[in-house]
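First the structure, in the form of structure tokens, and then the observations on it.
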Amino acid sequence: MIGSSAVHIGNGLLSSIPAEIVAKVKASRFVIVSDANVWSLYGKQLVDAFLALGNFAMPGTSPLVGSYGQSPQTAGVLTAGKKLLITYQIPVGEVSKSREVKDAIEDFMLAHKCNRDTCMFALGGGVTGDLVGYVAATYMRGVPFVQIPTSTMAMIDSSVGGKTAINVPAGKNLIGAFYQPIDVYADLDLLKSLGKREIVEGICEAIKMGCIHKPKLFELLEAHPEEVIALEPSLINEVIYQSVLGKAEVVAADEREAGVRATLNWGHTVGHGIEALKSPAMMHGECVAIGCVVEGELALRMGYDTLTREKLERVAKCFASYGLPIHMPSGLDEETMFKKIGMDKKNVGNSIRCTIVTDIGVSIPDPQPCEAKLIAQIIAESAAAGAELPEWQPLEGNHDKTSSGEAGGFMGGH
């Protein structure tokens, strides 16, 4: 629990969600937002579960699924006593976290006469969750919403904690709000449609959580990479449970990121700099894995020697055992990357600040100022070391390089 926000983890949860939420939330309008890929897998199952309750109707004059780019249509006359269920599809990928798509969802809801007695559902990964959460936070000055994450990244990280945001030209997640969902449903069955690449991208955040806060979680991940990637039921359940528990503990202590919550951004200062230049060819978690290793080296050179060389090598080896990259890509424009790093939300004035891990499972509560020259030196050494090795290749997956936005896109941190 984070305040009144509850996280449910288990198998076979999807079809039970409508009955549980309808019993909990007084609403006449229920809005499901998803993207085309996720909708094709799980949309009908969720809609059928709503309609099976018997007191729901779909709009009479709008299509079953509204889509970005269509003109909103009015809902028509509903059967007396029925609640309204409407659905909306957004474009696949990071491009959807924009002012334009947020406006389109809001206009669609207004056209369907959604008032304050509306409940929203984010069915999808982190992009959908961030976007829908921000719409919910601002629509009619705030309506309840439910997170139904469909990826390891969303289950472990982005759906939990109440951070919502969109991207703008200056950076990623720079416009948003802290707004807690009423419930998060992590249905582990939904992970079965993921490729290995998508699975390990989210596991990066579990490794990060182990390093900053939960050493037993790190040891579990360190010992069982093949089983975790294969989604061995007892292991993946424990990994997601411990990751969510760790995040909940941190967020409960600092919901609005005034201090200790910033430790959740370990690896993200450098990681988002890489992502700004390498997205969509590289995924968020892949960039953060490199960032964690670089920022671990930074802590060591800043004199935090309780994170010994041996322990840092264990951390790097753990990331690598999941097929994640651990060296800086070659050929990045350093000046552009540092401009992006300079927009990180942990920074104060012109000072770059990073989360400092001092031991496996131990981190300093507040981000620490770091010298740009030292960061640049470590980045250069990491790129040089990587150039001596075979080029990193991601695990087999479903990631479509053309579906996640434009290269050289956004940066800022979740």
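Every read-out reported here was derived from the displayed coordinates using simple, explicitly stated rules and does not represent laboratory data. Please read all numbers here as calculations on a predicted model, not as lab measurements. Note that each Cβ is placed from the backbone with ideal geometry, even for glycine, and that neighbours are counted across all protein chains shown.
Couple of notes before you dig in:
- Segment 256-313, relative contact order [Cα under 8 Å, separation at least 6], %: 31 percent
- Dividing the mean sequence gap of close Cα pairs (under 8 Å, 6+ apart) by how many residues the chain holds gives a relative contact order of 17 percent.
- If you take all other residues with their beta carbon under 10 Å from the beta carbon of Asn55, and give Lys and Arg +1 and Asp and Glu -1, the sum is +2.
- Within the straight-line cut-off of under 21 Å between alpha carbons, the lysines reachable from Lys214 are Lys247, Lys311, Lys317, sequence neighbours fewer than 8 places apart in one chain being disregarded.
- For the chain, size of Cβ-based charge dipole, Lys and Arg +1, Asp and Glu -1, in debye: 1400 debye
- Between Ile236, Ile90, Ile207, the residue with the greatest mean-square fluctuation in the GNM of the chain (Cα pairs under 10 Å linked by springs) is Ile236.
- Part-to-part distance (alpha-carbon centres) for segment 1-54 and segment 138-166, which is given in Å: 13 Å
- Among Ile148, Ile364, Ile326, the largest mean-square fluctuation in a Gaussian network model of the chain (Cα springs under 10 Å) belongs to Ile364.
- Here the Karplus relation 6.51 cos²θ - 1.76 cosθ + 1.60, evaluated at θ = phi - 60°, turns the backbone of segment 270-277 into coupling constants of 6, x, 6, x, 5, 4, 4, 9 Hz, with x for every Gly and Pro.
- Radius 14 Å from Cβ of Asn237, net charge of other residues (Lys, Arg +1; Asp, Glu -1): -4
- Table column - 3J(HN,Hα) (Hz), segment 129-145, Karplus curve with 6.51, -1.76, 1.60, x for Gly and Pro: x, 4, 5, 5, x, 6, 4, 4, 5, 10, 5, 6, 6, x, 10, x, 9
- Compared with the direct C-alpha span, the chain from Ala36 to Ala385 gains 121.6 nm at full extension, assuming 0.36 nm per residue.
- Taking amide H as placed 1.01 Å from N in the peptide plane, Ile356 has its amide H under 5 Å from the amide H of Ile364, Gln368, each at least 5 places away in sequence or on another chain.
- Between Lys247, Lys97, Lys216, the residue with the greatest mean-square fluctuation in the GNM of the chain (Cα pairs under 10 Å linked by springs) is Lys216.
- Sparse-neighbourhood loop sites, trypsin sites (Lys or Arg not before Pro) in segment 250-348 - DSSP loop, at most 14 other Cβ within 10 angstrom: Arg256
- The residues packed around Lys113, meaning those with a beta-carbon under 15 Å from its beta-carbon, carry a net charge of +1 if Lys and Arg are +1 and Asp and Glu are -1.
- The H on the amide N of Thr87, modeled in the peptide plane, is under 5 Å from the matching H of Ile32, Gly66, each at least 5 residues off or on a different chain.
- Contact order relative to length of segment 6-193, as percent, for alpha carbon pairs under 8 angstrom and 6 or more apart: 26 percent
- Using θ = phi - 60° and Karplus 6.51 cos²θ - 1.76 cosθ + 1.60, couplings along segment 94-101 (whole Hz; Gly, Pro as x): 4, 4, 6, 7, 9, 4, 5, 6
- Straight-distance candidates among the lysines for linking to Lys26, with alpha-carbon spacing under 25 Å and chain neighbours fewer than 8 residues away dropped: Lys44, Lys82, Lys83, Lys102, Lys113, Lys163.
- Full-extension gain in nm, Ser15 to Tyr241, via 0.36 nm per residue minus C-alpha separation: 79.3 nm
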